[in-house]
Each structure stands twice: as structure tokens, then as C-alpha cells.
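Below is one structure, written out as C-alpha cells; comments come after it.
A short reminder: the numbers here are calculations on the coordinates, not readings from a lab. Predicted model, so just to flag it, every value in this text is computed and none were measured. As a convention, Cβ positions derive from the backbone with ideal geometry for all residues, glycine included, and neighbour counts pool all protein chains shown.
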Amino acid sequence: MITRDDVSKTVHDIYEKITQESFEEGDMLINALHAIQDHYGNYIPLEAAEALKELTGLPLAKIYEVMTFYTMFSNRPRGKYVIRVCKSLPCHVSRGGEVLDALKNKLGVDFSETTEDGLFTLEESSCLGLCGVSPVLMVNDEAYGNLTPERVEEIIDTLVTRERSDEE
Ligand code: FES
């Protein structure tokens, strides 16, 4: 179990590193949140926001506002692979519904849920800016377009196979 002190120390170390990398001041908070989220495996513990408040001098409300504005940030634990499915109209009308049904069936979870093995979390997203190759989804930072129900099953199978071989 992680304690408030553990989180505080971790955030302090991460923030110190970020400040040495000469980002624009406005990017500092975003970069720190990214690094904290990567450290904790796809989520930001709420205690981290409090530690950031001390380090940055920003109001807690401002830090929460940034954390909740960007859908890439989460304050609840998520799977190793966060799958963000575009639910905007161009994707929806190009077989997006079928693709989504296939994905939900394959994973056995709905939106905002994580598979029992902790590998996959399913999230919905608005336009991912790749409408030319709709329907589209992202797995962490990687985009997949021109999807079909068969293709999404292949993508999941590939990731599961990769995880199993990493375990061996
Ligand atoms: S509508 Fe889906 S990527 Fe733009």
C-alpha cells in the first residue's frame, strides 16, 4: 500500500527532475503529471496533487482542474494498456459501433472498467484527430485506424501474447 509520505517523496523526486529539464513554465505541471502517471502505472494518486501543490505553489483546485480536463489523466488505477475509443460521429458512422461491440466482447468489460488481469482499461474519447482513417482507437500513445471487428481482436491478441512472452 502506498502512503502519503511515499507519494510525497516520489512526487518531489519527479518534480525536481522535471524542473531540471528546462520546460516552459506552463508545461511544467502537465509534464509533471505525465511523469507521475507513468510512474504509478497509468494513474495519479490524489495525494500526488497535494504534493504538487506544495512544490508548485499552485492552488489545489487548479491542479485538479488540469487533471480532470485532460482525459489522458486519471486519478483511479487503470490497466497497463488504456484503450481510448473514439465515439465522435465520423468514427461512429464508419462501423465504429461494430468495432466497439467486438472490443467490449473481447475484453469482457464496459467503458471505465478494467479487465480482471489488470491489463486493459476501456475508455471513451471524443475525436482523436484521425477521422481520415476512422474508426479509430488508441492504446496508450499508439493510434490504430481503419478498424474492423476482426482487427481489434487481433490487436488485443497481439498485446496479450506480448505480455505472456515478457513473463517467460
Ligand atoms: S471522429 Fe474519430 S478520430 Fe475524429
* For K53, what charge total do you get from the other residues with a beta carbon under 11 Å from its beta carbon, if Lys and Arg give +1 and Asp and Glu give -1? -> -2
* Order of R95, R4, R84 under a 10 Å beta carbon neighbour criterion, fewest first -> R4, R95, R84
* Net lengthening on full extension, D101/L119 (0.36 nm per residue, minus Cα-Cα) -> 4.6 nm
* Asked: What is the gain in length, in nm to one decimal, between R164 and R4 on full extension, counting 0.36 nm per residue of separation less the C-alpha to C-alpha distance?
  -> 54.3 nm
* **Virtual spin-label span in nm between E24 and E65, 7 Å along Cα→Cβ** => 1.8
* No other cysteine beta carbon under 4.7 Å away is the test; run it over the chain and list who passes. => C127, C131
* Just how many pairs of Lys in the chain have C-alpha atoms closer than 25 Å, counting pairs that are eight or more places apart or on different chains? -> 12
* Asked: Counting DSSP beta bridges with both partners in region 84-168, what percentage is antiparallel, nearest 5?
  -> 65
* To do: Quick one: compute the contact order of the chain, relative version, from alpha carbon pairs under 8 angstrom and 6+ residues apart, as a percent.
  => 18
* Can you give the helix-only mean residue ellipticity at 222 nm for the chain, where every DSSP H stretch with n ≥ 4 adds -39500 (n - 2.57) and the sum goes over all residues, rounded to the nearest 500 deg cm²/dmol? -> -15500 deg cm²/dmol
* Packing-based order for 102-108, 155-161, using average beta carbon neighbours within 10 Å, highest first -> 102-108, 155-161
